[in-house]
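Here is the structure we will look at, set down as structure tokens.
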Amino acid sequence: MPELLTPRLLLREWRDDDLTPLAAIDADPEVMRHIGDGSPRTREQTVTSLVNMRLGWRERPWGIFAVELRDTGELAGWTGFATPRFLPEILPAVEIGWRLARAHWGRGIATEAAAAALRFGFHDAGLDRVVSICHADNHGSARVMAKLGMHEDRRTTVPATGAPVIVQALTRADHETHTTPEA
């Protein structure tokens, strides 16, 4: 698994000591309100997620990175790629997503991390098109998508929850002509 550096961040492989801070992020009701059914996750659910994020890199040339603050070594959250099986109507697809601890919202970290992951996805992992999906009320993630140069593909609902979502997309060609603002 590669490591990616940005001015403020290290996107890296997952470590065992990431479980406790990741579990705290997943347990925060405000962080989770626009994800899945909106419920916070238990530590056991986070363990399963962490195992799956690690295994994902073994199955394909892309996956989800741990996002670490370079100046403190703190785990801020994650960004990277997954298959959005929860929205079958758009498959086959690769989704870019992110989740950060609330303390790191509004500082451009999601944009900085996702921009680095997109460069990796298009230039190193060979992806041609990436989608991103957010709850229709998740204005913060929608702003990140816009900064990344993504364009609305469709509005739909998640079959399992009925949640209204916006699907945005970005092609490799569009990515090469877009300049993501510095965080």
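The values are calculated or read from the model by the stated rules, or taken from the named source; none is laboratory data. Every value quoted in this text rests on a predicted model; they were computed, and no experiment measured them. Note that each Cβ is placed from the backbone with ideal geometry, even for glycine, and that neighbours are counted across all protein chains shown. Each accessible area value is taken on the protein alone, full model and side chains, heavy atoms only, with ligands, DNA and RNA left out. Shrake-Rupley method; radii C 1.70, N 1.55, O 1.52, S 1.80 Å.
Could you tell me whether E182 is open to solvent by 50 Å² or more (accessible area, probe 1.4 Å), at pLDDT below 95 and either more than 25 Å from G56 (Cβ to Cβ) or small (G, A, S) (or both)? Spelling it out, E182 is indeed open to solvent by 50 Å² or more (accessible area, probe 1.4 Å), at pLDDT below 95 and either more than 25 Å from G56 (Cβ to Cβ) or small (G, A, S) (or both). Are there any pairs, at least 6 apart or on different chains, whose C-beta atoms fall under 9 Å, with the first in the stretch 100-119 and polar (S, T, N, Q) and the second part of a helix (DSSP H, G or I) and open to solvent by 10 Å² or more (accessible area, probe 1.4 Å), and if so, which? Correct list of pairs: T111/R143; T111/V144; T111/K147. Screening G63, G56, G80 for residues that are under 16 Å from the mean Cα position of the chain (by Cα), under 27 Å from F122 (Cα atoms) and modelled with pLDDT under 95 leaves exactly one candidate, G56. Of the residues examined, D174 is not one that is in a loop (DSSP other than H, G, I, E, B), of a type in the set (D, E) and surrounded by fewer than 20 Cβ atoms within 10 Å (Cβ to Cβ).
The residue of the stretch 149-178 that is modelled with the highest pLDDT, among those that are of a type in the set (D, E) and within 22 Å of H123 (Cα to Cα), is D174. Annotation: of all residues in the stretch 16-41 being within 18 Å of L100 (Cβ to Cβ) and not in a helix (DSSP H, G or I), the one that is most open to solvent (accessible area, probe 1.4 Å) is R33.
Could you grab me the full set of residues in the stretch 120-132 that are in contact with a helix residue (DSSP H, G or I) (Cβ under 8 Å, 6 or more places away or on another chain) and open to solvent by 10 Å² or more (accessible area, probe 1.4 Å)? Step through it out loud before you land on a result.
Going through the stretch 120-132, the residues in contact with a helix residue (DSSP H, G or I) (Cβ under 8 Å, 6 or more places away or on another chain) turn out to be 122, 127-132.
Residues satisfying the conditions are L127, D128, R129.
Answer with yes or no whether S141 is of a type in the set (S, T, Y), free of Cβ contacts under 8 Å to residues at least 40 places away in the same chain and surrounded by 13 or more Cβ atoms within 10 Å (Cβ to Cβ). For S141, the condition - of a type in the set (S, T, Y), free of Cβ contacts under 8 Å to residues at least 40 places away in the same chain and surrounded by 13 or more Cβ atoms within 10 Å (Cβ to Cβ) - is not met. Among the residues of the stretch 113-130, those that are closer than 19 Å to W14 by Cα and touching a strand residue (DSSP E or B) at 6+ places or on another chain (Cβ under 7 Å) comprise A113, A114, A116, A117, L118, F120, G121.
Looking across the stretch 115-147, the residues that are over 20 Å from P159 (Cβ atoms) and outside any helix (DSSP H, G or I) come down to D124, A125, G126, L127, D128, R129, V130. Annotation note: of E95, E112, E44, the sole residue that is open to solvent by 60 Å² or more (accessible area, probe 1.4 Å) and among the charged types (D, E, K, R) is E44.
Pairs meeting the criteria (first residue in the stretch 29-50 and among the acidic types (D, E), second residue in a loop (DSSP other than H, G, I, E, B), beta carbons under 7 Å, at least 6 apart or on different chains) are D37/T161.
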